[in-house]
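Following: one structure in structure tokens, then a few remarks.
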Amino acid sequence: EELLETIRMLTHKKLIETQELYRYLYAHDALTKLYNRHGFNERMDQFFAVKQKGLALIILDIDHFKSVNDLHGHLTGDAVLQSVGTAIAGAVGERGCVCRWGGEEFAVLIPDCKDLSAETETLLGIIRALSVSTEGGQISVTVSVGAALAGNTGELTAIQLVNAADACLYRAKERGRDRAEQCIL
């Protein structure tokens, strides 16, 4: 009977560990270890559920990323994605949450954001300062940034915030890349 209880406890412990691992894998990007779209959407829903004031959504798109893969290969492209993700996460720290939005895009949520321009300029500067080591030398990258600030999440939807940040990102690309465009909702 003691043996059965020990087996039951070990089995239960293993089940809990497996559930935690599954939950982590479901919500995180394998390459960058950042939130993936699922995990990020869950966090955004949490912010909207508490009627967050001053919620910033910042979307960053690596400029001309296809040429990095074409010229240097996909392993170098992966290294660039990891470096950019690490740099963004380091800049944001505990103040917000960072996600690999998809492909070469990253997204950042910052609750209680006091100065959207300062946030986007900091991120632009950190990425400009990055230098990724490759077999063929150093690669520098830039990003285009679209940012939207929700004065109060009780007055709009998450989709409206995403669409606004997306429109700003499109404008940043249109106006020459390596820059930020923003709006306040």
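The values are calculated or read from the model by the stated rules, or taken from the named source; none is laboratory data. Small disclaimer: the values here were computed from a predicted structure and weren't measured. Methodologically, a virtual Cβ is constructed for each residue, glycine included, from the backbone with ideal geometry; neighbour enumeration extends over all protein chains shown. Just the protein is used for accessible areas: all its heavy atoms, side chains included, with ligands, DNA and RNA removed. Shrake-Rupley method; radii C 1.70, N 1.55, O 1.52, S 1.80 Å.
Site pair residue 170 and residue 155 shows an inter-label distance of 2.4 nm when each label is modelled 7 Å from Cα along Cα→Cβ. At the residue level, residue 23 shows approximately 150 square angstrom of accessible surface with a 1.4 angstrom probe and all protein chains present. Quick check on segment 87-185: take the gyration tensor over C-alpha atoms, sort the square-rooted eigenvalues as a ≥ b ≥ c, and tell me if it's rounded (a/c under 1.5), prolate or oblate. Prolate, because a/c is 1.5 or more and a/b exceeds b/c. Rounded to the nearest 0.05, the FRET efficiency derived from the C-beta distance between residue 50 and residue 122 at R0 = 22 Å is 0.30. Using heavy atoms of the protein chains and a probe of 1.4 Å, the accessible area assigned to residue 5 is about 80 Å². 3J(HN,Hα) along segment 132-144: 9, 6, 9, 4, x, x, 8, 10, 10, 9, 10, 10, 9 Hz, from the Karplus curve 6.51 cos²θ - 1.76 cosθ + 1.60 with θ = phi - 60°, whole Hz, x for Gly and Pro.
Compared with the dominant principal axis of the Cα atoms in the chain, helix 37-49 is inclined by about 90°.
Classify the chain from the C-alpha gyration tensor, please: rounded if a/c falls under 1.5, else prolate or oblate depending on whether a/b exceeds b/c. Cα axes put the chain in the oblate bin.
Put a dot 7 Å past the Cα of residue 131, heading toward its Cβ, do the same for residue 94, and the two dots end up 3.3 nm apart. Principal-axis analysis of the Cα atoms of the chain puts helix 2-27 at an angle of about 10° to the longest axis.
Once the Cβ-Cβ distance between residue 69 and residue 17 is put in as r, and R0 is 25 Å, what FRET efficiency do you end up with, to the nearest 0.05?
Taking R0 as 25 Å, the efficiency between residue 69 and residue 17 is 0.10.
Only protein heavy atoms count here; on that basis, with a 1.4 Å probe, residue 22 has an accessible area of about 150 Å².
The phi torsions of segment 155-165, fed into the Karplus equation with coefficients 6.51, -1.76 and 1.60 and a -60° offset, translate into couplings of 9, 8, 9, 4, 5, 5, 5, 4, 4, 5, 5 Hz, rounded to whole numbers, with Gly and Pro shown as x. Close amide H partners of residue 183, meaning residues 5 or more places away or on another chain with modelled amide H under 5 Å apart, are 147, 148, 149. Each residue of segment 67-74 was assigned a 3J(HN,Hα) from its phi angle through the Karplus curve 6.51 cos²θ - 1.76 cosθ + 1.60 (θ = phi - 60°); the sequence is 5, 4, 4, 5, 7, 10, x, 6 Hz, with glycine and proline shown as x.
The H on the amide N of residue 134, modeled in the peptide plane, is under 5 Å from the matching H of 139, each at least 5 residues off or on a different chain. For the chain, modelled as a GNM whose springs connect Cα atoms under 10 angstrom apart, the maximal fluctuation among 115, 78, 61 occurs at 115. For the chain, averaging the sequence separation of C-alpha pairs within contact (under 8 Å, six or more residues apart) and dividing by the residue count gives a relative contact order of 25 percent.
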